[in-house]
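Student: Attaching a single structure in structure tokens format; questions to follow.
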Amino acid sequence: MAVDVLTTADPMEKTGKSREHAARWVAARAAGAPLPVGQAAPPL
């Protein structure tokens, strides 16, 4: 999720993705099923 947001250049799209991912994370935690944490290399 973070890499998706970090690699998005357009500010409006970046904000939308941030909010979408945050909502998914909150919903998953509320349901007792946290999203898996992966590994990724930071963008250039």
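Student: Restricting the first residue to region 1-13 and requiring it to be at pLDDT 85 or above, which pairs with a second residue that is part of a loop (DSSP other than H, G, I, E, B) and β-branched (Val, Ile, Thr) meet a Cβ separation below 8 Å and a spacing of at least six or different chains?
Tutor: none
Student: Can I ask one more? For region 8-44, how many residues are surrounded by 13 or more Cβ atoms within 10 Å (Cβ to Cβ), out of contact with any helix residue (DSSP H, G or I) (no Cβ under 6 Å at 6 or more places or on another chain) and in a loop (DSSP other than H, G, I, E, B)?
Tutor: So the count comes out to 0.
The values are calculated or read from the model by the stated rules, or taken from the named source; none is laboratory data. What you see is a predicted model; the values in this text were computed from it and never measured. All Cβ positions, glycine included, derive from the backbone under ideal geometry; neighbour counts span all protein chains shown.
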